[in-house]
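Report on the following structure.
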Amino acid sequence: MTFKGKPVKVVITGDAKEELEELNKIVGEEISRGITSSDHQTLLNSIKQKIEFLKDNPEYGIHIPKDRIPKEYIMKYDVNNLWKVNLSGAWRMIYTIRGSEVDIISLILDILNHRDYERKFGYRKS
């Protein structure tokens, strides 16, 4: 896929990678038990769909203003831009865009449920 004439890659890292691995494990266990429809499966399909959207357009998500970027992401991933994609079940996928003269990378940093998203971004204190 290309965007603005540059190849696009989507890379899943950090907490998002761990969350996705756990979700894949749960879905695999559900399928092996004959469960063909669940919230976990819907969420996994939603993540896969949104990753495809990001391959077509890294700016697909909702841009998060710089003053709302949690310090954790700045310190851990050295981000200067942050985006979110709404997933099924009020989950959120958080990513940053990295680019060079050669390519564009959508770096997925986190996959959070709504409560954890609100806490991390300071919308709710608890």
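The values are calculated or read from the model by the stated rules, or taken from the named source; none is laboratory data. Everything quoted here is computed from the prediction, not taken from an experiment. All Cβ positions, glycine included, derive from the backbone under ideal geometry; neighbour counts span all protein chains shown.
The table for this structure:
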read-out: Strands (runs of 3 or more DSSP E) contained entirely in segment 1-95, each with at least 3 residues that are over 13 Å from residue 111 (Cα atoms), in contact with a Phe, Trp or Tyr (Cβ under 6 Å, 6 or more places away or on another chain) and of a type in the set (Val, Ile, Thr); value: none
read-out: Where a residue in segment 45-65 is at positive phi and its partner, wherever it lies, is in a helix (DSSP H, G or I) and of a type in the set (Lys, Arg), with Cβ under 7 Å and at least six apart; value: none
read-out: Pair list, Cβ under 7 Å, 6 or more apart: segment 76-93 residue of a type outside the set (A, V, I, L, M, F, W, C), other residue in a loop (DSSP other than H, G, I, E, B); value: 84/61
read-out: Options 47, 64: the member that is aliphatic (A, V, I, L, M) and closer than 18 Å to residue 123 by Cα; value: 64
read-out: Unmet requirement for residue 96, which otherwise passes all of (1) more than 13 Å from residue 54 (Cα to Cα); (2) modelled with pLDDT of 95 or more; (3) not aromatic (Phe, Trp, Tyr); value: (1)
read-out: Residue 35 being aliphatic (A, V, I, L, M), under 21 Å from residue 100 (Cα atoms) and free of Cβ contacts under 8 Å to residues at least 60 places away in the same chain; value: no
read-out: Matching residues, segment 105-126, being within 25 Å of residue 5 (Cβ to Cβ) and either in a helix (DSSP H, G or I) or small (Gly, Ala, Ser) (or both); value: 106
read-out: Criterion violated by residue 102 - all others in (1) buried (at least 18 other Cβ atoms within 10 Å of the Cβ); (2) part of a loop (DSSP other than H, G, I, E, B); (3) among the β-branched types (Val, Ile, Thr); (4) out of contact with any Phe, Trp or Tyr (no Cβ under 9 Å at 6 or more places or on another chain) satisfied; value: (1)
